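Notes for the one structure printed next.
The values are calculated or read from the model by the stated rules, or taken from the named source; none is laboratory data. The model shown is predicted, which means the values in this text are computed figures rather than measured ones. Reconstructed Cβ throughout: ideal geometry from the backbone, glycine too, with neighbour counts over all protein chains shown.
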Amino acid sequence: MNEVRQKILISAKELFIQQGYKKTTIRQIVDKSGVLIGSIYYFFKNKEEIFQSLVLGIFDACDELVSDHFGEKESPVFQYAFMCAVELQAVEMDERVNEIYYEGYSSNAILDKLVSHAAEKSQIRFQTYNPNFTYEDYYVRTLAIKGVMRNYIANRYLKQNIPLETRINNFLDMSLHAFNIEQKEIEEIKQRIADMNKEIIDMTILLGSESFS
């Protein structure tokens, strides 16, 4: 059963990359995967749910790559900041990635899953800074943060082009403040992130090779 599900996801991913999310149909996924349409609907309600599984998989892959790369050498807060920089770098470097992220953030159903997923991780990462926070506290902050990320991803489609470095710095300011990280620590993290441009690009390329090839 897992083999069939993976075949569906792999075929859908190839189609989403080649022609975009909007142009891809369930019929095309059926034809490419060779899986019966009934089997697709056994695993997924619709195309959006297939896309949702792939998008969540990309975020998990990024989380895992950064965690494996730094191990215990870096704090969870720094690793979070590094992942944010990688995400913004990824949509800057590749139009296909930009479209996939943009569609993911623009779908209410997918956004809800992304926010829930990220809020759970943030509750673990930032618990020492916010001992009295409930899950709801993390959820509402993550919802606001994801809204900012979606708008920064949409920058490719806007007339006013904001430099990547500016977007990264402002995003880290807003998101880390939301979790009560002190300004001094935020400034130190921003400076380190700015000095790690090559490492961020290398991680972005590695993420792309694992998620989009």
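Annotation: Ile162 fulfils all but one of (1) β-branched (Val, Ile, Thr); (2) in contact (Cβ under 8 Å) with a residue 12 or more places away in the chain; (3) farther than 19 Å from Glu120 by Cβ; the unmet one is (2).
The set of residues from segment 1-17 being farther than 11 Å from Ser53 by Cβ and assigned to a helix (DSSP H, G or I) comprises Asn2, Glu3, Val4, Lys7, Ile10, Ser11, Glu14, Leu15, Phe16, Ile17. Looking for something closer than 20 Å to Tyr105 by Cβ, touching a residue at least 60 places away in the same chain (Cβ under 8 Å) and not in a helix (DSSP H, G or I) - is there at least one such residue anywhere in segment 21-41? Looking through segment 21-41, at least one residue is closer than 20 Å to Tyr105 by Cβ, touching a residue at least 60 places away in the same chain (Cβ under 8 Å) and not in a helix (DSSP H, G or I).
Just checking, which of Ser39, Ser33 is modelled with pLDDT under 90, of a type outside the set (Asp, Glu), more than 30 Å from Asp173 (Cβ to Cβ) and not assigned by TED's automatic domain parsing to the domain that holds Glu187?
Values: Ser33 fails: modelled with pLDDT under 90.
Answer to the check: Ser39.
Which of the residues that make up segment 20-36 are over 26 Å from Asp112 (Cβ atoms) and surrounded by fewer than 12 Cβ atoms within 10 Å (Cβ to Cβ)? Arg27, Gly34, Leu36 - these are the residues of segment 20-36 that are over 26 Å from Asp112 (Cβ atoms) and surrounded by fewer than 12 Cβ atoms within 10 Å (Cβ to Cβ). Scoring Thr204 on the criteria (1) assigned to a helix (DSSP H, G or I); (2) farther than 24 Å from Ser75 by Cβ leaves a single failure, condition (2).
The set of residues in segment 163-182 being closer than 18 Å to Glu74 by Cα and in a helix (DSSP H, G or I) consists of Leu172, Leu176. Across segment 183-196, the qualifying residues are those that are farther than 20 Å from Arg141 by Cβ and either of a type in the set (Asp, Glu) or part of a loop (DSSP other than H, G, I, E, B) (or both), and the one among them that is nearest to the chain's Cα centre (by Cα) is Met196. Any residue at all in segment 48-58 that is in contact (Cβ under 8 Å) with a residue 60 or more places away in the chain, closer than 27 Å to Glu87 by Cβ and among the β-branched types (Val, Ile, Thr)? Within segment 48-58, one or more residues are in contact (Cβ under 8 Å) with a residue 60 or more places away in the chain, closer than 27 Å to Glu87 by Cβ and among the β-branched types (Val, Ile, Thr).
So is Tyr152 closer than 24 Å to Gly104 by Cα, in contact with a Leu (Cβ under 9 Å, 6 or more places away or on another chain) and at pLDDT below 95 or not? Yes: the conditions hold for Tyr152. Evaluating Arg167 against the criteria (1) under 17 Å from Met83 (Cα atoms); (2) surrounded by fewer than 17 Cβ atoms within 10 Å (Cβ to Cβ); (3) over 14 Å from the mean Cα position of the chain (by Cα) leaves one unmet condition, (2).
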